[in-house]
1. To the nearest whole percent, what portion of all C-alpha pairs in the stretch 158-263 is separated by more than 23 angstrom?
2. Over all distinct Cα pairs, what is the inverse of the mean 1/r for the chain, reported as the Kirkwood hydrodynamic radius in Å?
3. Using Cα atoms only, what is the angle between the long axis of helix 240-251 and the major principal axis of the chain, expressed in degrees (0 to 90) to the nearest 10?
4. Gap in Å between the Cα centre of the stretch 230-270 and the Cα centre of the stretch 196-217?
5. In the P(r) worked out for the stretch 208-282, what percent of Cα pairs fall beyond 19 Å?
6. What is the calculated FRET efficiency for residue 229 to residue 266, with r their C-beta to C-beta distance and R₀ = 35 Å, to the nearest 0.05?
7. Can you give me the angle between helix 193-217 and the longest principal axis of the chain, using Cα atoms only, in degrees from 0 to 90, rounded to the nearest 10?
8. Rounded to whole Å and sorted largest first, list the principal axis extents of the Cα atoms in the stretch 188-233.
């Protein structure tokens, strides 16, 4: 069985596993990675970009190498390769946990229990919940659902399509490191710089694919495209901007504006401000965002698996019949690198 089919079957199994099982309450691989990365930080931390870059290299590079070694070990067994890809996809994709946490906040808001909603909000994002009223909490949840659709689902599938199991694990490692140290606080402004920049780079293709699929899966394709084109570049994040803007346009709501992180107030541009209405607590806006996120995730699986099949199939033309591609990265990465070099020349 060719490697492109291994990814398609394995990624589908991983997303189905996430849908049916969600994340384990104990012993999650991402949590184990976080503990290991924290231990590395305790040994390496210096207020210097170079030490932060070393931290990123050790943690993200080590995880990617582990994935490559595991894929190499099972390369001759299609069943084992599919199982490994499925397990990796299930471990790194977080669509069901995202939906559950968003749903918990929505239920609390509908019940009028703002304090319960504030207590659940830190499970989704780093906003200061005490600074938010009910509508502000609802807006924060919709924004978090949008951004995490890219970070927790689509981005991982993109890198899985590019590099198989190493791509799945490496992307999640980079994204997790950014969440841990990629802050502008006094401790991490320099130490977390490398993690933050690498996360921006790794998340770039997934964010654009998420925004594009949102225009297809949302209820207002024209609104999503209009908001994406008009407002994405105004967002301070190069990746959250396209995703949040397209979600805002597709849902017909306004996102962005004033928010607070760690006691620091930020005034961000309003996305879809001309055409959207304010997000309202208990109005179903959160549920609509979650349903849109689900549709985008499954569409992304189809696009990524289809692209891998097409590109690997084209790369494999002219080979002797019966040739098996055994390496999980293989010709798709070579094809993409070749195209990038061609554009740069």
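1. For the stretch 158-263, the fraction of Cα-Cα distances above 23 Å is 38 percent.
2. Its Kirkwood hydrodynamic radius stands at 20.8 Å.
3. Compared with the principal axis, the helix lies near 70 degrees.
4. Here the answer is 15 Å between Cα centres.
5. 30 percent
6. Rounded to the nearest 0.05, the efficiency is 0.90.
7. That works out to roughly 80 degrees.
8. In descending order, the Cα extents are 42, 17, 12 Å.
Values quoted throughout were computed directly from the atomic coordinates according to the rules given, and no laboratory measurement underlies them. As the structure is a prediction and not an experimental result, all values here were calculated from the model. Ideal geometry is used to build each Cβ from the backbone, glycine not excepted, and the neighbour counts take in all protein chains shown.
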